[in-house]
Amino acid sequence: MAHEISSEAAGAQVYGEQLAGIDQAIRKTTYWVALLGMAILFVVGVAAGIHAKSIGSLHAFNATREVPWGILISTYVYLVVVADGVCLVSSIGHVFGRKDFVPLASRSVFLAVATLLGGFFVIFFDIENPFRMAIYNVISPNLTSAIWWMGTLYGALMFFMGVEFVFLLKGKHKLATAAGFLGVIAGVAALSNLGAVFGSLDGRDFWYGPFMPIFFIASAMMSGAAAIIFFTLLAYKLSNRKMEPAMKRALEVTAKVGILLIVTTLFFTLWKLIIGLTGGEAKTLALRSLLSGHYAVNFWILEITVGMVIPLVLLVLSKGRSLWLMAVAATLMMFGIFFMRYDMVIVGQTVPVQFQLGVSEYAGLISYAPSTHEILISLGGIGLAGLIFLAGEKIFKGHKSETH
Amino acid sequence: MTDSKKIPEEPRQDEQQSGIDTGPGQSPKAGTRKSGPGETGGVTEMERRQFLKIGLAITGVFAGGTLLSAASVIDNVFASEDDYAEKYPYRPHYSMLIRQSNCIDCERCLEACKRTNHVPEYGYRTQILKKDYPESSGRTVEFIPVLCNQCNNPPCVRACPTRATYKDETNGIIRMDNSKCIGCKTCMSACPYNARYFNEETMAVDKCNFCYDTRLSRGEALTACAEACPAGARIFGDLSDPGSEVYRQVHDIEKAVWVLRPETGAKPNVFYTKG
Ligand code: SF4
Ligand code: SF4
């Protein structure tokens, strides 16, 4: 009898091991499939970018004289703002010493670097003469130009995040904290400045105004919280690691911060609308295309509902503990916020600058829809960010140092 | 960024105060001003006086632009007469007056511009806009030539990261240094007048520069468009020269003169008037 039982147990154990083996194999395959998918997006993006350069933006892009900034700019903004938000949210732990957040540090810093590089990839193909940029941004800077500061501050953020990551790897925590602190300064400055990039264009009523910087900071941190939850859960899903309690706790507080940030961003979105609707004709026209016109689906369904309201409900329901609900919430946010940036950039240009002249050429709204090249390059940037992130999980062994 | 939203409405300094040396472009203009009788562009002389008394610029909506009465036009373009001398000491101070109702949309100016400045077919430096007045009993359509306003407070220059676009310190023209242009298109977003486009031939943003390189610097007195116009719709000249046609018309109190979109604070050097 005893013999039989033990052999049964052994059988079950073998069976269990087999199952675990299969599970492991599936995870491994999923990882490589994900990596391959990202690599393909990236390579296609590179090809589209090079092709666009060779035939000229006039043919390759749908951005025009009237709408000079298309989806490439909005994707760039999306990616660098996610990076910035990741930097700020994760710094609550490793820079400002809130212990709960500390397990997120290494992966988050790496994630910030990855998304920044994705953003730089997109802007590289958007700028007509990127090589001139490398030279003249340095030798002929214009300090009154918010765009100049944007490049410089995001360059600085990239630098500090890179340095911080290296220090974290080497276990030099004091130095990492110092670099992280500088990163936070660069990150906050970059966001307020990004507000100025749009908010200081007095010829564009939709953007003009003092709300932009604060709106950017709130919504950036919101997207940062979403990205941290999304990518951390993804990393654990793809590796065969059990989540450590410290990490669970870290995600729980991130989810709580996320809730707060969604509410703040919703509040500023509404406030901007209310103030905007009391503005001039050109501005209300743009707002109406967002609220009830061409961009209403983007706005109400994608930006508001998918990007903020449903995730808010899910995060509240999850209590920061149901990883499954949090994963869905973070995925929806990453998706919806993309359209938040798109709408902001595009709708800001739909009202022609000469609208008030009342001439027939500029009587209506200008439309823009991204071209194939523009879409592929945008996806290429997202692919590059994903590729770097996933590769990092392998190379740095799941950023294990973080749980020390 | 700081003063760009201000449309200066400070009280005009005493109208009589004109003898002081005010530098280039300052003639004893206030003193030579006569008040005209009757109505100008919908603002009665009475209204004008009253506004002046309380020190406000007269503005109103008028044919596609905001009306600045002749008395206030300089104030709206330059902060004040003294500021003008100090901040915009251009000599010559190139400027253009569009006599809107003279334009017959023959588009000879557009052709001349394209030819002179090698403007590709997908781009333009100047344009003729059409405005319908369906209710009007007379002429039901009006043509409004537009071009770069060579702004005194240019949003494009402020926004350009590499100083590829800049204001010429001698003559006030907004020019391009093509080799520095990175093609970020920020200036195109920043310009409140849609005056810029990306030129794939030069791989830089292109815009009207009053034909500086192609004509003015070669000794020509007029821009290609002004020369080509058969109807006298584009008066080009030196705003710092009291003897010039632009100067006289812009300072003529009997004329309603305005600029486009003054609320952006860009302070254009292209003025508009009827006939
Ligand atoms: S009209 Fe536009 S391009 Fe010309 S100076 Fe003004 S802002 Fe610059
Ligand atoms: S497109 Fe060229 S001129 Fe315009 S802002 Fe960029 S660098 Fe300056």
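The values are calculated or read from the model by the stated rules, or taken from the named source; none is laboratory data. Just so we're clear, the structure is a prediction, and the values are computed from it rather than from any experiment. When we count neighbours, we look across all protein chains shown, and the Cβ atoms used for this are built from the backbone with ideal geometry, even at glycine.
Which helices (runs of 4 or more DSSP H) does the stretch A:1-103 wholly contain that include 3 or more residues that are touching a residue at least 12 places away in the same chain (Cβ under 8 Å)? Let's see the steps before the verdict.
Values: elements: A:2-55, A:57-60, A:71-94.
Result: A:2-55, A:71-94.
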Within the stretch A:177-229, residues being free of Cβ contacts under 8 Å to residues at least 12 places away in the same chain and of a type in the set (Asp, Glu) number 1
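Take residue B:220 and decide whether it is part of a loop (DSSP other than H, G, I, E, B), without any contact (Cβ under 8 Å) to a residue 60 or more places away in the chain and either away from ligand 2 (no atom under 16 Å from the Cβ) or within 14 Å of the chain's Cα centre (by Cα) (or both). Please lay out each step first, then the result.
Numbers: part of a loop (DSSP other than H, G, I, E, B): yes; without any contact (Cβ under 8 Å) to a residue 60 or more places away in the chain: yes; either away from ligand 2 (no atom under 16 Å from the Cβ) or within 14 Å of the chain's Cα centre (by Cα) (or both): yes.
In short, yes.
Quick grid of which residues meet (1) under 12 Å from the mean Cα position of the chain (by Cα); (2) surrounded by fewer than 17 Cβ atoms within 10 Å (Cβ to Cβ); (3) at pLDDT below 85:
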position: B:233; (1), (2), (3): no, no, no
position: B:237; (1), (2), (3): yes, no, no
position: B:244; (1), (2), (3): no, no, no
position: B:255; (1), (2), (3): no, no, yes
position: B:258; (1), (2), (3): yes, no, no
position: B:271; (1), (2), (3): yes, no, no
Exercise. If we scan the stretch A:113-127, do we find a residue that is more than 20 Å from residue A:390 (Cβ to Cβ) and either away from chain B (no Cβ under 14 Å) or outside any helix (DSSP H, G or I) (or both)?
Worked result: yes
So, first residue touching a residue at least 60 places away in the same chain (Cβ under 8 Å) in the stretch B:99-120, second residue outside any strand (DSSP E or B) and of a type in the set (Lys, Arg), Cβ within less than 8 Å, six or more apart or across chains; the pairs are B:99/B:274; B:100/B:274; B:101/B:139; B:101/B:274; B:113/B:125; B:116/B:215; B:117/B:125; B:119/B:125
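Select from the stretch B:175-209 the residues that are closer than 22 Å to residue A:359 by Cβ, in a loop (DSSP other than H, G, I, E, B) and near ligand 2 (Cβ under 10 Å from one of its atoms) and list them in ascending order. Full working, then the answer.
Of all residues in the stretch B:175-209, those closer than 22 Å to residue A:359 by Cβ come to B:188-197, B:207-208.
From the residues that got through so far, the ones that are in a loop (DSSP other than H, G, I, E, B) too are B:191-195, B:208.
Hit for the stretch B:175-209 is B:191, nothing else.
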Inside the stretch B:120-144, the number of residues satisfying the requirement of being within 15 Å of ligand 1 (Cβ to nearest atom), in contact with a Phe, Trp or Tyr (Cβ under 9 Å, 6 or more places away or on another chain) and not charged (D, E, K, R) is 4
When every residue in the stretch B:135-150 that is within 11 Å of another protein chain (Cβ to nearest Cβ) and touching a Ser or Thr at 6+ places or on another chain (Cβ under 9 Å) is compared, the one surrounded by the most Cβ atoms within 10 Å (Cβ to Cβ) is B:146
Within the stretch B:178-218, the residues that are more than 9 Å from chain A (Cβ to nearest Cβ) and charged (D, E, K, R) are B:201, B:206, B:207, B:213, B:215, B:218
Can you say whether residue B:158 is more than 6 Å from ligand 2 (Cβ to nearest atom), in a loop (DSSP other than H, G, I, E, B) and at the interface with chain A (Cβ under 7 Å from one of its Cβ atoms), as far as the supplied structure shows? no
Being more than 13 Å from ligand 1 (Cβ to nearest atom), hydroxyl-bearing (Ser, Thr, Tyr), touching a residue at least 12 places away in the same chain (Cβ under 8 Å) and touching a Cys at 6+ places or on another chain (Cβ under 9 Å) narrows B:202, B:273, B:170 down to just B:202
Residue A:158 fails exactly one of (1) among the aliphatic types (A, V, I, L, M); (2) surrounded by fewer than 22 Cβ atoms within 10 Å (Cβ to Cβ); (3) outside any loop (DSSP other than H, G, I, E, B); (4) within 14 Å of chain B (Cβ to nearest Cβ), namely (4)
One residue is enough: does the stretch B:76-95 have a residue meeting the conditions of a type in the set (Gly, Ala, Ser), buried (at least 20 other Cβ atoms within 10 Å of the Cβ) and at pLDDT 60 or above? yes
